[in-house]
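Just below is one structure, and these are the notes that go with it.
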Amino acid sequence: MHAEKSKKLVRELKTSKWLPPYNVALISEISQDMASLYEKAVSDLEDRNTDSALIKSSLVNRNKRCVLAYLNYRLTKLECLRLETGPNIPPHFSNQLNKDEMDYFKQYSALLQDYSRKVSKSLDLTGDLQPPKDVFVEVRATEDVGDIVLPETGQVSLEKNTVHLLRRSEAAGLIRQGVLQHIN
Amino acid sequence: MLIPLSQLNEIYDEIRQTSFSRGCSLAILVSGDCDALAACKILTQMLHKDTVQYRVIPVANYTELEEKLASFTDPELRCLVFLNCGGSCDLTQLGPEKNLISYVFDSERPFWADNIKSAYVKLIDDTFVEEPEDQEEEESEIENEPGQKRRREGREDKPRKRFKNDPDPTGVYFGISTAGIIYRLAQQMNRATNDMLWMWIVGLTDQYLHRKIDRSEYEQRINECLTEVLRLNEHPYQQRGEEAEEMDQDSEQRTVNGIIEPKDFDTEKKTPGNIHIEHKDLKLMLYRHWSLYDSLYYSDYVACKLGIWREPGKRRLNEIIAQLGIPLQECRQDFCFMKPMYKKTLKDKLQQIGATYEIEDLFLTTCVRQYNRKKQFSASDVVYSVTALLESPTLLGDQEESNDREKWLNNFWVAHDALLDVNYLEQGIKIAQDQQKAIVQQGTILIEKKAVNPAADFRYAIISSDSLNQTKYFHHPLSLKKLTTFIMEAYRELRSNIRPKPMVLCVLNTSRNTFLVTGVTSAVQQRNDFGWRFHEAAQAVEADFRRDFFEDTYIEVRKEHFQAFLEQLTAGAY
């Protein structure tokens, strides 16, 4: 009744690896609770029972804060995702999001592109903030990919358990996909 | 053709030039031994700095190497570097067919004669000195002589083309360590670092511990290392005489006052990465990471000398410990936790007592590296650990394996990382200890059961069941070699009145339905011709066999044909 459900909602964020699936049911339950709490608070006020009304109104505020924190956390994660992986949501992540969040992601992405174009034509805002120490990185293939053609290196045959020295820019995408493992 | 050591940096420049304006033009093929891993580490570090793109491909045996070479379709590929493999197989076809140049760093000798003649194959040889033209021709003719006995194979038009040549009847022997050659390259270019130096020391120690070079050669080579250690390290000696004594007195006073303070609490000397020299390091196996008792008990040398598996042997070990004045309780706990007062006098006392028990040869010059603030590893510790990781019968790391090859590859990379990683090294040391226990136990069983049989000019033993859990270690070549050496040494001590003979050991592998056979010579500097003998015997009885190991002293024979093979071998026709 009190803030149990909101606590559960926030806990979900902590237990999942990236984000938990958007919990519509729990959020609507919480909002119903809040509505009923509010009504009770109003009726308490009419009865001149100020103490009870005060408690209920702070409960409402508490719930509200929890739900907002939940939403905010998710949005921040989405923004990070855009900066890390680019304009497309990876398929195994899209299940966790609801429609509004998808829209948010797309609009954020569009904004970012606009801004990026305004600042400079050649600058990639999503790149590493730290300048790389080395042009090349040593990577080990974790799966059999076979021959692939990279823009600068040319043809590379990535067999499982072989080590390659590749350009950082070329390897970055493959490392994110989990095909290559960075070793140092 | 043969390349002398003085031209190493020209070779390196050649490789670097080829890579300009190309993508990945270099492939490095590495065999699975500690020396090759160390060499690979040095080479890749240098290439990385020079932004030469490469790929590293581990290969377990010649069959695999052949498959890999055949599968190269990459148009960019120009150079191949072979580390501890490739010297005795046919690389001549790669040049004209695929336009590939092979650079072979292989410590196993002799090289195959055709490789020496081919302009596409460059073999780096430490004994070769470039001299005027006519001299060179003579040299190659000398190399050819043993080749005349062989059929000339490897030609396209002949039906019996084979990749791996027949073995040389004169037997195999080993040159300078590959890591040493690559280090020399770094040195010539003034780019040697402490990490690289450590790799050289590890590679050299690997050769010594696996009986590829003998004691005097080791001493000679390690002295070359020591000058480099002195050059690259600020504190090459852990303690100097007077200083040490002063500090000892200090520490005694401190312990008397009840304050426990480490003996040499000198932060400068414990700088991570520092290598220091131990002129008289104990030759006990892994003693820094074991208890003194276990280390004495399981060290090959001590175990063989005392005959540790019998009651009198055990009693003598206890006597030694009593004479050292170390309580058994202290002796059985980890060496690093033993009281400093016992550690301090240990070496001197062992030297005194050793003479009475005929174990004088307990000391060796070696180097010790401070890996991080807490951990030190000597070169031999690293070699034992890395080799154990390479040949570990169980899978390491968190990956799921599908077959033997996957497992081997996975362990290969764990071992590769272990060279400079404390956590993996410690994991390896645990395995090495288990393996050594297995060697002593298995060796003991064979000797006690009188399973060692004489033949014309060698002795042999057969492990014909692998139901025992420990037998799984011996399906790997290097571990099998260690066991064979142990039995040979133990036998020599046991029957001091008989002539030392080489030892052959055969072990059954039920999952592959084969016997793995190896032979070791009674003296290290002797050429090992068992590869040839095995080959001839197997050919004579038309057995199914596999002889694609990089070190040419092994053969794997199908179980059904094993009996005939053994009879042929022991008949002593060779």
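The values are calculated or read from the model by the stated rules, or taken from the named source; none is laboratory data. All values reported here derive from a predicted model rather than from experimental measurement. When we count neighbours, we look across all protein chains shown, and the Cβ atoms used for this are built from the backbone with ideal geometry, even at glycine.
Annotations for the structure displayed:
- Failed item in (1) at pLDDT below 85; (2) within 26 Å of the chain's Cα centre (by Cα), with B:ILE124 passing the rest: (1)
- B:ILE28 vs. criteria within 13 Å of chain A (Cβ to nearest Cβ), out of contact with any Gly (no Cβ under 7 Å at 6 or more places or on another chain) and of a type in the set (Val, Ile, Thr): yes
- Filter result for A:LEU9 (surrounded by 13 or more Cβ atoms within 10 Å (Cβ to Cβ) and part of a helix (DSSP H, G or I)): yes
- Selection within region A:160-170 - without any contact (Cβ under 8 Å) to a residue 24 or more places away in the chain and within 8 Å of chain B (Cβ to nearest Cβ): A:LYS160, A:ASN161, A:THR162
- B:LEU446 vs. criteria of a type in the set (A, V, I, L, M) and either without any contact (Cβ under 8 Å) to a residue 24 or more places away in the chain or in a loop (DSSP other than H, G, I, E, B) (or both): no
- Of all residues in region B:37-61 being surrounded by fewer than 23 Cβ atoms within 10 Å (Cβ to Cβ) and closer than 16 Å to B:ASP548 by Cα, the one that is farthest from the other protein chains (Cβ to nearest Cβ): B:ASN61
- Any hit, region A:167-176, residues being within 30 Å of A:VAL24 (Cα to Cα) and touching a Ser or Thr at 6+ places or on another chain (Cβ under 7 Å): no
- Yes/no for A:PRO151 being touching a helix residue (DSSP H, G or I) at 6+ places or on another chain (Cβ under 6 Å), surrounded by fewer than 16 Cβ atoms within 10 Å (Cβ to Cβ) and within 13 Å of chain B (Cβ to nearest Cβ): no
Let's see how each residue does on (1) at pLDDT 85 or above; (2) assigned to a helix (DSSP H, G or I); (3) of a type in the set (S, T, N, Q); (4) not assigned by TED's automatic domain parsing to the domain that holds B:VAL56:
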{"residue": "B:VAL382", "(1), (2), (3), (4)": "yes, yes, no, yes"}
{"residue": "B:SER392", "(1), (2), (3), (4)": "no, no, yes, yes"}
{"residue": "B:LEU395", "(1), (2), (3), (4)": "no, no, no, yes"}
{"residue": "B:GLU401", "(1), (2), (3), (4)": "no, no, no, yes"}
{"residue": "B:TRP413", "(1), (2), (3), (4)": "yes, yes, no, yes"}
{"residue": "B:ASP417", "(1), (2), (3), (4)": "yes, yes, no, yes"}
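- The set of residues in region B:458-469 that are outside any loop (DSSP other than H, G, I, E, B) and either buried (at least 17 other Cβ atoms within 10 Å of the Cβ) or touching a Pro at 6+ places or on another chain (Cβ under 6 Å) (or both) comprises B:ARG459, B:TYR460, B:ALA461, B:ILE462, B:ILE463.
- Residues of region A:129-141 that are at the interface with chain B (Cβ under 8 Å from one of its Cβ atoms) and not hydrophobic (A, V, I, L, M, F, W, C): A:ASP134, A:GLU138, A:ARG140.
- Every residue from region A:171-181 that is more than 10 Å from chain B (Cβ to nearest Cβ) and not basic (Lys, Arg): A:ALA171, A:ALA172, A:GLY173, A:LEU174, A:ILE175, A:GLN177, A:GLY178, A:VAL179, A:LEU180
- Screening A:VAL145, A:VAL139, A:VAL67 for residues that are modelled with pLDDT of 85 or more, surrounded by 15 or more Cβ atoms within 10 Å (Cβ to Cβ) and touching a Ser or Thr at 6+ places or on another chain (Cβ under 9 Å) leaves exactly one candidate, A:VAL67.
- Whichever residue in region B:352-380 is out of contact with any Leu (no Cβ under 7 Å at 6 or more places or on another chain) and assigned to a helix (DSSP H, G or I) and, among such residues, is farthest from B:VAL302 (Cα to Cα): B:ALA379
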